[in-house]
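Worksheet for the structure shown next.
The values are calculated or read from the model by the stated rules, or taken from the named source; none is laboratory data. Since we're looking at a predicted model, the values are computed, not measured. Cβ coordinates were reconstructed from backbone atoms using ideal geometry, including for glycine residues, and neighbour counts include every protein chain displayed.
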């Protein structure tokens, strides 16, 4: 198949337009060029911008391609991702968004560093960082595959160019560029995929009657445990991500943060319908009646490409090009979120709070920009060199669920939570997660839970169990150490994590609706995190 020149030109025009628009909007909106502008757009987001950029941060290449893949191959019953993640984001918007926005945090790692100190708080950034990097690698890989099928161009070139475009406009414009390009990209996603639907379902090669009921899918009794695990992972594992809180913290008020998150989740859920329909059309396609020359039936792994296959072999050329523009837009809307999220946390929580407490604004801006470049490059490299990117993405989603979710809930709502409880939960949950094995990474299980299957692996919901154990440990160990040290049963000289020994002279608090967050770290390290109490509480 020859290179699709018209399609290649169209995609090139799209990339140039997004790049120019992103740079120009960044220069126009960024008046002072300070770190706060790049991090949080001066907390200036109104309702429309906040809703749309929040939705776009969810609707990425993996979201679009993955929805089509799973509903086409396994049916609606197993299409848990878009439903679960958006339910989780909506719940987080109702309960967490107004709380962290009222406290005027800069990142979602801030409450950990305020409560546990900079060093202990930074440990909990590990799962966030790897989650962002491998999320980015997965969506760049999805785009590379899509472009190679529809346009017949080299995967390496498409991944590198896509990464460069996302990194460059984020580098110059920060959150302003990311948010406003998100709005354009969200529009392109909706138009491109909705336009492809009538051509896909009305093609002579597609017989929708073949899937009149099978598209619903089914959950077999032996898979109930795995099903429960996946539902809990999607609902709770999507809550702690910095990419979403970047938008929350950039809203003008706590109330606006709450509303925009719930509305954004609703928009993202609606945008899962078009790729879902395309995926069902792919399962109803007689591929022998198309120009497709691959092996049939499609293998488990080949279903990953079902959306670009429908665009290329079922839809007219013009529609397929517009559709690939939609996929590219989806990738950009998530890739820029990834690099900015990790860059912000590194610059604010790692570099400033640990290594350079008195770093200047200019210094922070350049650290952020360097981090954006590094994260973007890492994502592209992993997308091109690692064959288990999807497995790594799944694993890091697991880590956000089993580690970060209970940590976040405890740091915000358990007043006596301390570093001992946090560290205990972190270590034990990491141990239990890895000893449960991971088939995508070819990690054999050291612990075989009930209903273990040699072919399908763990059928017991051990990830949910691990998350619950982490909760219990954080609360239990924190409560026990609090009583032991404060009651004088254990001398303060054994307080190696300094949760109590320096409490009197180094005590800070941020109040939000009656809930206190205490900082027991060194005064100089956390001064920038401790803002005045917000008068806007919900």
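Structure data summary
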read-out: Residue within the range 288-297 that is in contact with a helix residue (DSSP H, G or I) (Cβ under 9 Å, 6 or more places away or on another chain), under 21 Å from residue 62 (Cα atoms) and either in a helix (DSSP H, G or I) or touching a residue at least 24 places away in the same chain (Cβ under 8 Å) (or both) present; value: no
read-out: Residue check for residue 445: in contact with a strand residue (DSSP E or B) (Cβ under 6 Å, 6 or more places away or on another chain) and surrounded by fewer than 18 Cβ atoms within 10 Å (Cβ to Cβ); value: no
read-out: Residue 320 buried (at least 24 other Cβ atoms within 10 Å of the Cβ), out of contact with any strand residue (DSSP E or B) (no Cβ under 6 Å at 6 or more places or on another chain) and farther than 21 Å from residue 138 by Cβ; value: yes
read-out: Qualifying positions in the range 463-502 - part of a helix (DSSP H, G or I), more than 17 Å from residue 431 (Cα to Cα), touching a residue at least 60 places away in the same chain (Cβ under 8 Å) and touching a helix residue (DSSP H, G or I) at 6+ places or on another chain (Cβ under 7 Å); value: 475, 478, 481
read-out: Residue selected from the range 137-163 under the condition without any contact (Cβ under 8 Å) to a residue 60 or more places away in the chain and in a helix (DSSP H, G or I), by the criterion farthest from residue 274 (Cα to Cα); value: 157
read-out: Selection status of residue 330, under 27 Å from residue 56 (Cα atoms) and modelled with pLDDT of 90 or more; value: no
read-out: Some residue of the range 63-80 being over 30 Å from residue 223 (Cα atoms) and outside any helix (DSSP H, G or I); value: no
read-out: Some residue of the range 2-11 being in contact with a strand residue (DSSP E or B) (Cβ under 8 Å, 6 or more places away or on another chain) and either outside any helix (DSSP H, G or I) or more than 29 Å from residue 153 (Cα to Cα) (or both); value: no
read-out: Sole residue being closer than 19 Å to residue 187 by Cβ and surrounded by 24 or more Cβ atoms within 10 Å (Cβ to Cβ), chosen from 340, 311; value: 311
read-out: Within the range 344-445, helices (runs of 4 or more DSSP H) holding 1 or more residues that are modelled with pLDDT under 90 and closer than 25 Å to residue 156 by Cβ; value: 361-385, 389-399
read-out: Single unsatisfied condition, residue 33 versus (1) in contact (Cβ under 8 Å) with a residue 12 or more places away in the chain; (2) over 26 Å from the mean Cα position of the chain (by Cα); (3) in a helix (DSSP H, G or I); value: (3)
read-out: Residue 257 being in contact with a helix residue (DSSP H, G or I) (Cβ under 7 Å, 6 or more places away or on another chain), assigned to a helix (DSSP H, G or I) and more than 28 Å from residue 54 (Cβ to Cβ); value: no
read-out: Members of the range 84-128 found to be over 17 Å from residue 348 (Cα atoms) and in contact with a strand residue (DSSP E or B) (Cβ under 9 Å, 6 or more places away or on another chain), listed by number; value: 97, 98, 99, 102
read-out: Residue check for residue 250: within 18 Å of residue 90 (Cβ to Cβ), in contact with a strand residue (DSSP E or B) (Cβ under 7 Å, 6 or more places away or on another chain), at pLDDT 90 or above and surrounded by 22 or more Cβ atoms within 10 Å (Cβ to Cβ); value: no
read-out: Close pairs from the range 81-98: first without any contact (Cβ under 8 Å) to a residue 60 or more places away in the chain and at negative phi, partner crowded, with 24+ Cβ neighbours inside 10 Å and in a helix (DSSP H, G or I), Cβ under 8 Å, at least 6 apart; value: none
read-out: Every residue from the range 42-62 that is buried (at least 18 other Cβ atoms within 10 Å of the Cβ), within 30 Å of residue 142 (Cα to Cα) and at pLDDT 85 or above; value: 49, 50, 51, 52, 53, 54, 55, 56, 57, 58, 59
read-out: Contacts under 9 angstrom Cβ, first residue in the range 42-56 being at positive phi, partner in a helix (DSSP H, G or I), 6 or more apart; value: 42/29; 42/36; 42/176; 43/36; 43/101; 43/249
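For every residue, the table says whether it meets (1) surrounded by fewer than 18 Cβ atoms within 10 Å (Cβ to Cβ); (2) modelled with pLDDT under 90.
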| site | (1), (2) |
| --- | --- |
| 181 | no, yes |
| 184 | no, yes |
| 189 | no, yes |
| 196 | no, no |
| 203 | no, no |
| 210 | yes, yes |
| 215 | no, yes |
| 238 | no, yes |
| 243 | no, yes |
